[in-house]
Amino acid sequence: MRGYTLRESGRFALAVLGALLMAVAISVLPHAHSAARPGILALALVHKLGAYLQLDFGDSVISGLGAGHELAARGPTTLTLVLFGGAIAFAVGVPVGLIFGGGPLRRATAPLIQIAAAAPVFCAGLALAYVAQNIFHLPVNVGGADVLRALFLPALTVGLAGAASVQLALRRAAAECQGLPFRAGLRGLGLSQGEIDRTYVMPLVLGGLFESLGEVMLSLLSAAVVAEWVFDCKGVADLFVQSVALGDWNIAALILFVFALAVLLADFAGKLLARALTGGEPGR
């Protein structure tokens, strides 16, 4: 376990370095046309990298405020969406993935589940807004007075998108476990199918879910971008869309780095959890 942890830590550190260099390049390269010589551009990249290492992320060209300040001001909204959406994702996706993840039921329901999972997040958000406003007569944009009510529909949108990713990871892991040779051997030793599934198969299936935590986090963050735009939430994801549209590359680069770091952390932690649960390297 120690050797595996060290290897994954090294990969995680290299991935974070790559994300940092990507953010530096995004914040500098749009201004490359103003550099008369390649050496000036290289100097700008080195200077920007040093500033990032000192937690100086530059200023917003729109508001004039520091990029870190802008991110901190909008961060709680997106963090709330991702946390509540993640809770919904696992509360919905785990039962669905386990119930429909194996046997004849998996084959029978696969087309319907694939159709539901493939529905664009934008369409899901609009559908929730329509149902809330026209059937339950609930306001879509509550405003800042009631934070929980204001974020309920966006969080539900994010959660449903995350649930699709969770159940897909579970169903994929369950499908891989269907043909494992030890199942027949354990049946021959007198163990029931339920005992085999609970004791030997379930850890492998949950390990497959943990291994896909980075994928789940990416789904949650991608859905947050759409949900904040549809429901007019002033969060980090909405700020990212605005910064790209208006060419505010200091803000866009910092947000991309933070999102990449969140995905990398989830992937790193998930692999370690999967290793601890299954006793072997994920995917083996």
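Annotations
- When residues of the range 226-284 are limited to those that are in a loop (DSSP other than H, G, I, E, B) and among the small types (G, A, S), the one surrounded by the most Cβ atoms within 10 Å (Cβ to Cβ): G235
- Sole exception among (1) loosely packed, with under 13 Cβ neighbours inside 10 Å; (2) part of a helix (DSSP H, G or I); (3) at pLDDT 60 or above for G68, by number: (1)
- In this structure, V230 does not qualify as closer than 29 Å to T80 by Cβ and at pLDDT 85 or above.
- Within the set R149, R171, R183, R198, the sole residue that is touching a helix residue (DSSP H, G or I) at 6+ places or on another chain (Cβ under 9 Å), assigned to a helix (DSSP H, G or I) and at pLDDT below 65 turns out to be R183.
- Inclusion of L204 among residues that are at pLDDT below 85, buried (at least 18 other Cβ atoms within 10 Å of the Cβ) and more than 17 Å from the chain's Cα centre (by Cα) is warranted.
- Flag if S243 is within 22 Å of the chain's Cα centre (by Cα), closer than 23 Å to V166 by Cβ and at pLDDT 85 or above: no
The values are calculated or read from the model by the stated rules, or taken from the named source; none is laboratory data. Since the model is a prediction, treat every value here as computed from it, not as a measurement. In this analysis, Cβ positions are derived from the backbone assuming ideal geometry, glycine residues included, and neighbour counts consider all displayed protein chains.
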